[in-house]
Amino acid sequence: MDHRPELVLAGVQLPDGRRKDITIRDGRVVHAGAGPAADWVIDCTKYLVLPGAVDVHVHMRGGSQSKKEDWQTGSMSALAGGVTVVVDQPNTVPPLTAPEVFRQRVVDAQVHSLCSFAVNSAVTPDTQIEAMWGAGAMAFGETFFAPSSYGEAMGVPDLSRMLGRIHALGGLATIHAESVRPGDDDGLAAHDALRSPEGELDAVLAVQACNTSGCRLHFCHMSSALSVAAARGTVEVTPHHLFLSREKVCDDNTMFKVNPPVRSERERKSLLASWDRIDVIASDHAPHTKGEKAQAFSQAPSGVPGVETMVPLLMAEVLEKRITLPDVIKKTSTTPAALLGIPAAGFGPGDRADFAIYPKKAVTLEADLLHSRCGWTPFEGLRAVFPKTVIRDGTVVYEDGEFTRVSPVWFAGRGYAGRPAPAKR
Ligand code: DOR
């Protein structure tokens, strides 16, 4: 049988402290222990090796939104941040509500993405839920309970009905839980007040109350400790809610405008104190152009880029011993993979061979270091640790700023009923 060459990651320090050589063949780990003489050996003794991250909340844009980002630049940004699998959100233009647009989205990613991916189905009153499941949707949503960029809010009766249909399929509903009060949205403090933590909590409770079928729920980008505590489902939190607070910048700074809002420093600290209850860290990578963000606060779109900085920011915290490496692996790789039902990346035989190899040294974050087309970051000036080398499906796909394109894996959802149109190259 024709095998790809063997790759050995030598002297990898496992999360439990033991050192092993990890032997990789045909995209999988085949052995952990003393490594054989291999075609290719990477010395990992001075580095921290993590299983590739799975970012379950990414807006890759593309199509008419390609000035913000597309699959190529977005996936380069992902890989350069140690993320080997992304889950694309369906609030695209047009939104992913029908199988034909969904299939086109998958083909676009197959042709242009450098990282592996899954694609979610939109949830609107008109979405063909069962057909989207059959087309290979990974999960449903983010389902908007309040309006946001490129997302219309769902009312309670429609949502309740849709949750019933998703549940009947055994699917996962992912929820953007917010409530919006009317008022002048003219700065970060106002944005925080109009889309308040209390409103987020109300939305969580309302979604749970209308989930009469008992559909499996995943709460996206939770921004306050109270909502985290109230959530009956898996909890996702973003780095911008963990590491940024609105008092750190001028009130009219649109680069911090995002839904749910960047909160006060006090709220940020209580969210961080909920660390153990957080199941998944995801970026909610939502790039907009600098021009769009240069508009008056009330006109500027909500959303911040973050797929490339998610793990690097967490790794800087690991170096400072504020969080542990096993927690980072669990919340960015193991749990997200289990949530989606895709094979886990890891150090044991049979595991998916996606890894990112990090130096034990942080740098100061600057937009120039990053690969997203949007060209800016809200995390400017923070400390971050970027991977030197990234391996996807057993192949080095990124090293010292250079990318090698290897066809991505599309992870279709469990309902997938057939083959997508062959990708044109
Ligand atoms: O701030 C946000 N931007 N929140 C969302 O839910 C959507 C996102 C976007 O797509 O720009």
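Just to verify a number: FRET efficiency for residue 39 and residue 360, C-beta to C-beta distance, R0 = 30 Å, to 0.05?
Numbers: r = 27 Å, r/R0 = 0.91.
Given R0 = 30 Å and the Cβ-Cβ separation, E is 0.65.
As a check on your grasp of the helix formula, calculate [θ] at 222 nm for the chain: sum -39500 (n - 2.57) over DSSP H runs of n ≥ 4, divide by the residue count, round to the nearest 500.
On the way: 13 runs with 110 residues, N = 425.
Per the formula, -7000 deg cm²/dmol.
For the chain, with a Gaussian network of springs between Cα atoms less than 10 Å apart, report the residue from 51, 147, 94 with the top mean-square fluctuation.
94
What full-extension length gain, to one decimal in nm, is calculated for residue 93 and residue 107 as 0.36 nm per residue of separation minus the Cα-Cα distance?
Working it through step by step, the gained length comes to 3.5 nm.
What lysines sit close enough to residue 321 to cross-link, taking a C-alpha to C-alpha distance under 19 Å and skipping anything fewer than 8 places away on the same chain?
Once the sequence-local lysines are set aside, what remains near residue 321 is 46, 269, 330, 331, 360, 361.
Quick check of the Kirkwood formula: for region 307-398, what is the inverse mean of 1/r over all pairs of different Cα atoms, in Å?
It is 14.3 Å.
How big is D, in µm² s⁻¹, for the chain by Stokes-Einstein at 37 °C and 0.692 mPa s if Rh is the Kirkwood radius over C-alpha pairs?
Numbers: Rh = 21.5 Å.
The estimated diffusion coefficient comes to 152 µm²/s.
Tell me, how many Å apart are the Cα centres for region 141-206 and for region 33-47?
48 Å
Expressed as a whole percentage, what fraction of the accessible surface of region 120-187 belongs to carbon and sulfur atoms when a 1.4 Å probe is rolled over the protein heavy atoms? Let's see the in-between values first.
Details: 1360 of 2500 Å².
Reported share for carbon and sulfur atoms: 54 percent.
Taking the Cα centre of the chain as origin, work out the dipole magnitude from +1 charges on Lys and Arg Cβ and -1 charges on Asp and Glu Cβ, in debye rounded to 20. Mind dumping the intermediate values first?
Values: 44 positive and 49 negative charges, 162 e Å.
Roughly 780 debye, rounded to the nearest 20.
Starting from the coordinates of the alpha-carbon atoms of region 183-311, obtain the Kirkwood hydrodynamic radius over all distinct pairs and give the value in Å to one decimal.
Working: mean 1/r = 0.0662 Å⁻¹.
About 15.1 Å, per the Kirkwood formula over Cα pairs.
For the chain, calculate the relative contact order in percent as a whole number, restricting contacts to Cα pairs under 8 Å that are 6 or more residues apart. All intermediate terms of the calculation are to be shown ahead of the outcome.
Values: 1041 pairs, mean separation 93.4, N = 425.
That works out to 22 percent.
Tell me the relative contact order for region 148-288 as a rounded percent, counting alpha carbon contacts under 8 Å between residues six or more apart. Please report the intermediate quantities before stating the final value.
Values: 223 pairs, mean separation 36.2, N = 141.
Once normalised by length, the contact order is 26 percent.
Name the shape class, rounded, prolate or oblate, that the alpha-carbon gyration tensor gives for region 48-126, where a ≥ b ≥ c are the square roots of its eigenvalues, rounded holds for a/c under 1.5, and otherwise prolate holds if a/b is larger than b/c and oblate otherwise.
On the way: a/c = 2.23, a/b = 1.70, b/c = 1.31.
Here region 48-126 falls in the prolate category.
Scaled to the compact-protein estimate 2.2 N^0.38 Å, what is the alpha-carbon radius of gyration of region 1-96, rounded to two decimal places? Don't jump to the answer; show the numbers that get you there.
Numbers: Rg = 17.9 Å, N = 96, 2.2 N^0.38 = 12.5 Å.
Normalised by 2.2 N^0.38 Å, the Cα Rg of region 1-96 equals 1.44.
Can you give me the Cα centroid spacing of region 346-425 and region 62-125 in angstrom?
14 Å
Explain nothing, just the number: dipole magnitude of region 300-394 about its Cα centre with +1 on each Lys and Arg Cβ and -1 on each Asp and Glu Cβ, in debye rounded to the nearest 20. Before the final figure, lay out each step's value.
Values: 11 positive and 10 negative charges, 44 e Å.
Dipole magnitude for region 300-394 comes out near 220 debye.
If I model a spin label as a point 7 Å beyond the Cα along the Cα-Cβ vector, how far apart are those points for residue 414 and residue 296 in nm?
About 5.0 nm separates the two model spin labels.
Starting from the Cα coordinates of region 343-387, work out the convex hull volume and express it per residue in Å³.
Numbers: hull volume 4.9 nm³, N = 45.
It is 109 Å³ per residue.
Taking square-rooted eigenvalues a ≥ b ≥ c of the alpha carbon gyration tensor, is region 73-207 rounded, prolate or oblate, where a/c under 1.5 means rounded and, failing that, a/b exceeding b/c means prolate?
Oblate, since a/c reaches 1.5 and b/c is not below a/b.
The values are calculated or read from the model by the stated rules, or taken from the named source; none is laboratory data. Predicted, not measured: the structure shown is a model, and the values here were computed from it. A quick note on method: Cβ atoms are made from the backbone with ideal geometry, for glycine too, and the neighbour counts reach across all protein chains shown. Note: areas computed on protein heavy atoms with side chains; ligands, DNA, RNA excluded. Shrake-Rupley method; radii C 1.70, N 1.55, O 1.52, S 1.80 Å.
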